[in-house]
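I have placed the structure first, in the form of structure tokens, so that the comments after it can refer back to it.
The values are calculated or read from the model by the stated rules, or taken from the named source; none is laboratory data. This one's a predicted model, so the numbers in the text were calculated from it and none came from an experiment. With ideal geometry, Cβ positions are generated from the backbone for all residues, glycine too; neighbour counts draw on all protein chains shown. Keep in mind that these areas ignore ligands, DNA and RNA; they rest on the heavy atoms of the full protein, side chains included. Shrake-Rupley method; radii C 1.70, N 1.55, O 1.52, S 1.80 Å.
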Amino acid sequence: QYDLVFIDGDKREYIAYYNLIFDKVKNGGFILADNVLWDNKVIEPINKKDAQTQSIVEFNDYIKNDCRVEKAILPLRD
């Protein structure tokens, strides 16, 4: 069991990473995901060839719809 997990890797795998570690995080623990704003690319029209940005948008939607967790975005440096 972990108190805190930091996700930072291949952006196309963020949902897989999240699902892999979710049950290993203690109740009340934290899952931090890096680059969810992706240099503001997530709020711009997405180039269909940009798999990284598309995956971050999908991850953000996935988390937004996960009722098991409380969510917050801390816009640090992006």
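Can you tell me which residue is surrounded by the fewest Cβ atoms within 10 Å (Cβ to Cβ) among those in region 10-20 that are under 13 Å from ILE63 (Cβ atoms) and without any contact (Cβ under 8 Å) to a residue 40 or more places away in the chain? The residue in question is ASN19.
Let's see how each residue does on (1) closer than 20 Å to PRO75 by Cα; (2) acidic (Asp, Glu):
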{"site": "GLY9", "(1), (2)": "yes, no"}
{"site": "GLU13", "(1), (2)": "no, yes"}
{"site": "ASN19", "(1), (2)": "no, no"}
{"site": "ILE31", "(1), (2)": "yes, no"}
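Which members of region 67-78 meet the condition of being among the acidic types (Asp, Glu) and surrounded by fewer than 13 Cβ atoms within 10 Å (Cβ to Cβ)? GLU70, the sole residue that qualifies.
Applying the condition of being open to solvent by 80 Å² or more (accessible area, probe 1.4 Å) and assigned to a strand (DSSP E or B) to region 24-65 and asking which residue is farthest from LEU4 (Cα to Cα) yields ASN27.
Per-residue answers, yes or no, for (1) among the acidic types (Asp, Glu); (2) under 14 Å from the mean Cα position of the chain (by Cα); (3) modelled with pLDDT of 95 or more:
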| position | (1), (2), (3) |
| --- | --- |
| PHE6 | no, yes, yes |
| ALA16 | no, yes, yes |
| PHE22 | no, yes, yes |
| ASN35 | no, yes, no |
| ASN47 | no, no, no |
| GLN54 | no, yes, yes |
| LYS64 | no, yes, yes |
